[in-house]
1. Please state which of the following conditions Met46 fails to meet, knowing it meets all the rest: (1) buried (at least 20 other Cβ atoms within 10 Å of the Cβ); (2) more than 11 Å from Ala152 (Cα to Cα); (3) touching a residue at least 40 places away in the same chain (Cβ under 8 Å).
2. So which of Leu124, Leu76, Leu64, Leu109 is in contact with a strand residue (DSSP E or B) (Cβ under 8 Å, 6 or more places away or on another chain) and farther than 23 Å from Ser2 by Cβ?
3. Which helices (runs of 4 or more DSSP H) sit wholly inside segment 1-109 and have at least 1 residues that are touching a Leu at 6+ places or on another chain (Cβ under 7 Å), within 19 Å of Arg145 (Cβ to Cβ) and of a type in the set (A, V, I, L, M)?
Amino acid sequence: MSRTVIGVMGGSSADERTVAQARELGGLIARRGWVLLSGGRPTGVMQASITGAHEAGGLTVGVLFDDDRDAAAAGLDIVIPTGLGAGRNVVNILGSHVVVACRGNGGTLSEIAMALRFGRPVVLLDFDPGAAFLDACASPGQPSRWRVVPDAEAAVEQVAAYLAEIGRRP
């Protein structure tokens, strides 16, 4: 079986609380033996989650917005320059078994919408864009699997529950 990939999405600019949660989340993901996938930018939630996973000895993957490998976050093990712009968000989502969304803006909301549209479970870490939005994002006839959680530990526990639901070893 291939490695389990957890996508961590969130703002390229983030407040201290969100950065701290993202860093803790990255470490917890790594300690579970999961691969952390993000947009790979050297700022905000992306850098914080990568740093946490890297410090915990985890494998990190960054799917970049542009084609400049040198613009990647520190601590990435695998850098994938795409030149796709925001289109790389689809790669982030389809490459993930479960998506964790930290606080963010339009890009993060688009990733949440795509994840639900493509049937990926979403864990929202201290971030609640609203049930109406989240439920409307699911494909017609498909359940919308999402859960808002207060902290990184709860996020990882919910990821493990979703992995068990989809038949992957949590």
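The values are calculated or read from the model by the stated rules, or taken from the named source; none is laboratory data. Values in this document were obtained by computation on a predicted structure and should not be read as measured data. Note that each Cβ is placed from the backbone with ideal geometry, even for glycine, and that neighbours are counted across all protein chains shown.
1. Result: Met46 fails condition (3) only.
2. On the way: Leu76 fails: farther than 23 Å from Ser2 by Cβ; Leu64 fails: farther than 23 Å from Ser2 by Cβ; Leu109 fails: in contact with a strand residue (DSSP E or B) (Cβ under 8 Å, 6 or more places away or on another chain).
Every option except Leu124 fails the conditions.
3. 16-31
Each row is one residue, and each column tells you yes or no for (1) among the aromatic types (Phe, Trp, Tyr); (2) over 11 Å from Val98 (Cβ atoms); (3) at pLDDT below 95; (4) surrounded by 12 or more Cβ atoms within 10 Å (Cβ to Cβ).
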site	(1), (2), (3), (4)
Asp135	no, yes, yes, yes
Ser139	no, yes, yes, no
Ser144	no, yes, yes, yes
Val148	no, yes, no, yes
Asp151	no, yes, no, yes
Glu157	no, yes, no, yes
Ala161	no, no, no, yes
Ile166	no, no, yes, yes
Pro170	no, no, yes, yes
